[in-house]
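Notes to accompany the following structure.
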Amino acid sequence: ACDFAITRHPIALPTVRSVPLMAEDLSLRVPLDNPLASRRSVSFSDFDGQTLLLFRAIGFWMDMVREHSPNSRLVVQDDRVVFTQLMNSTDMLCFTTDAPENEGDVPGRVTVPIVDADAHATYFLVAPMNASQRVLDVVGWVEKNRPSDV
């Protein structure tokens, strides 16, 4: 039993209410001297085969990168401080999203959006239809106030 859940797909059951919550887009962080830095956007195929720096705690994005970059060498870091040091001191490509908790610009790097459909995620707030009125009010508020891009 739960009051809320967040999923990447709507749940189409008559006993569940599912509303779009937010969208997130994956982008590539590219050193300024890399040829991809001048691009307005990239596809996974544009950087497949290059060395990619990843922070392990990126959830499903890790599987997405592995799937779409089968020829790349992945350098996976568990420690956020070490990851940031490597990002600032190497020419490895790395990733970011437009989620609010991600930091802004990184000196010496440009953020280039990835245009493939798999680089976009929509999250859904899910609650049982028989939840308390307070829970249903929150779901209703999210549905009414969600951003237009969701």
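The values are calculated or read from the model by the stated rules, or taken from the named source; none is laboratory data. Keep in mind the model is a prediction, meaning the values are calculated, not measured. Cβ: placed from backbone, ideal geometry, glycine included. Neighbour counts: every protein chain shown. These accessible areas exclude ligands, DNA and RNA; they are computed on the full protein's heavy atoms, side chains included. Shrake-Rupley method; radii C 1.70, N 1.55, O 1.52, S 1.80 Å.
With label points built 7 Å along Cα→Cβ from the Cα atoms of Ser38 and Leu136, find their separation and express it in nm.
Modelled inter-label distance: 5.9 nm.
Given springs between every Cα pair under 10 Å in a Gaussian network model of the chain, which of Arg109, Arg73, Arg134 has the largest fluctuation?
Largest GNM mean-square fluctuation: Arg134.
Which one of Gln85, Gln133, Gln77 has the biggest mean-square fluctuation once the chain is modelled by GNM with Cα springs under 10 Å?
It is Gln133.
Please identify, among Ala12, Ala99, Ala119, the residue showing maximal mean-square fluctuation in a Gaussian network model of the chain using a 10 angstrom Cα cutoff.
Ala12
Expressed as a rounded percentage, what relative contact order does region 43-100 have, with Cα pairs under 8 Å and six or more residues apart?
44
How big is the charge dipole of region 1-119 about its Cα centre, in debye rounded to the nearest 20, if each Lys and Arg gets +1 on its Cβ and each Asp and Glu gets -1 on its Cβ?
Dipole magnitude for region 1-119 comes out near 60 debye.
Within the chain, what is the longest stretch that has no GluC sites (Glu not before Pro) placed in a DSSP loop and near at most 14 other beta-carbon atoms within 10 Å?
The longest such stretch corresponds to 1-100.
State in Å² the accessible area per residue of region 15-59; use a 1.4 Å probe, count heavy atoms of protein chains only, and round to the nearest integer.
Dividing the accessible area of region 15-59 by its residue count gives 47 Å².
Out of residues 5 or more away from Met22 or on other chains, whose amide H comes under 5 Å of its own, with H placed 1.01 Å from N in the peptide plane?
Distant-sequence amide H within range of Met22: Tyr123.
Which of the chymotrypsin sites (Phe, Trp or Tyr not before Pro) found in region 1-81 are loop residues per DSSP with 14 or fewer other Cβ atoms within 10 Å of their Cβ?
Answer by residue number: Phe4.
Which value at 222 nm does the chain reach when only helices count, each DSSP H run of 4 or more adding -39,500 (n - 2.57), with the total divided by all residues and rounded to the nearest 500 deg cm²/dmol?
Value at 222 nm, helices only, nearest 500: -7000 deg cm²/dmol.
Indicate the gyration tensor shape class of the chain (rounded, prolate or oblate), computed on the Cα atoms with a ≥ b ≥ c the square roots of the eigenvalues: a/c under 1.5 is rounded; otherwise a/b larger than b/c is prolate and the rest oblate.
The shape class here is prolate.
Can you give me the relative contact order of region 10-150 as a percent, contacts being Cα pairs under 8 Å and 6 or more apart?
45
So for the chain: antiparallel DSSP bridges make up what percent, rounded to the nearest 5?
Antiparallel bridges: around 70 percent, rounded to the nearest 5.
At 7 Å along the Cα-to-beta-carbon direction for both Thr51 and Thr90, put a label point, then send me their distance in nm to one decimal.
0.6
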